[in-house]
Amino acid sequence: MTDAPTPLTTAPVAFGTPATPRISVRGVASMEVAPESVGIRVTVRARGGDRDAVLADLTRRNAAALELVRSYGDEARASSGELRVTPELSSRGRGERVRAYVGEVSLTVELFVPSVLGELVSGLAELELTDLGGPWWRLRPDSPVHAEVRRRAVREAVGRAREYAEALGSRLVALVELSDVPDDDMMPRPRGAGGRFLAEAEAVLDLEPEPQWVSAVVTAHFTATPPDLTRPEH
């Protein structure tokens, strides 16, 4: 009785062999595109000697800001942030004597039509004791731009590997591995420093959307036919 033959298995090609050389390349692609949304920070404030009155003023001013943002319908979205009411102590006399109450509430506003930002900012700047910060330009997380730049990186990797193979007198046979390269310097990043608006005039601010830079990097490994190293150019 003889043992059954051991089935043959093909080990993965880690570094290539003379019979099955391996070509490894990187594919890099980048795009500069217009932003798809823009964020700003809205902070309303109130100050007074009566805590309940300060809260009432904050409520009224916050409602006015929300009403203005909501008037843009689906073009804008607001989310409430931190609410603070802090007693302001007197520096004179003994004990803890409250001189006034200072309150503020913040909103984060995202506009999905960046072209209306100047109009919205000008309207918000006319509200009482309202502080504005931003803008922060960005792309949506599900933007098709991200997929397109990744496709370009893959195509660039395939084209580069094919050029190397042709230079050696060989041709690509199969893809062994394709991996995304996590590189903070190459990932999409917002451009434009956020800051404080100085928007107290009644005129509509002309705020030019700042282009966004999107990049992708991949590493690809291919097997190829043996090169023809007898050619004169080699």
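Structure notes:
- Counted residues, segment 89-124 - those being of a type outside the set (A, V, I, L, M), in contact with an Asp or Glu (Cβ under 6 Å, 6 or more places away or on another chain) and within 19 Å of GLU210 (Cβ to Cβ): 2
- Some residue of segment 56-72 being hydroxyl-bearing (Ser, Thr, Tyr) and in contact (Cβ under 8 Å) with a residue 60 or more places away in the chain: no
- Inclusion of VAL154 among residues that are β-branched (Val, Ile, Thr), open to solvent by 30 Å² or more (accessible area, probe 1.4 Å) and outside any helix (DSSP H, G or I) is not warranted.
- Any hit, segment 125-141, residues being under 23 Å from PRO209 (Cβ atoms) and without any contact (Cβ under 8 Å) to a residue 60 or more places away in the chain: yes
- For GLU166, the conditions (1) in contact (Cβ under 8 Å) with a residue 24 or more places away in the chain; (2) open to solvent by 80 Å² or more (accessible area, probe 1.4 Å); (3) not aliphatic (A, V, I, L, M) are fulfilled apart from (1).
- Against the test of being in a strand (DSSP E or B), open to solvent by less than 40 Å² (accessible area, probe 1.4 Å) and more than 21 Å from PRO211 (Cβ to Cβ), the options GLY27, GLY81 yield a single qualifying residue, GLY27.
- Which numbered condition ALA46 misses (of (1) within 36 Å of the chain's Cα centre (by Cα); (2) over 28 Å from GLU210 (Cβ atoms); (3) modelled with pLDDT under 90): (3)
- Identity of the residue in segment 51-78, part of a strand (DSSP E or B) and not charged (D, E, K, R), that ends up surrounded by the fewest Cβ atoms within 10 Å (Cβ to Cβ): ALA78
The values are calculated or read from the model by the stated rules, or taken from the named source; none is laboratory data. All of these numbers come straight from a predicted model, not from anything done at the bench. Backbone-built Cβ (ideal geometry, glycine too); neighbour counts: all protein chains shown. Side chains included, ligands, DNA and RNA excluded: accessible areas come from the protein's heavy atoms. Shrake-Rupley method; radii C 1.70, N 1.55, O 1.52, S 1.80 Å.
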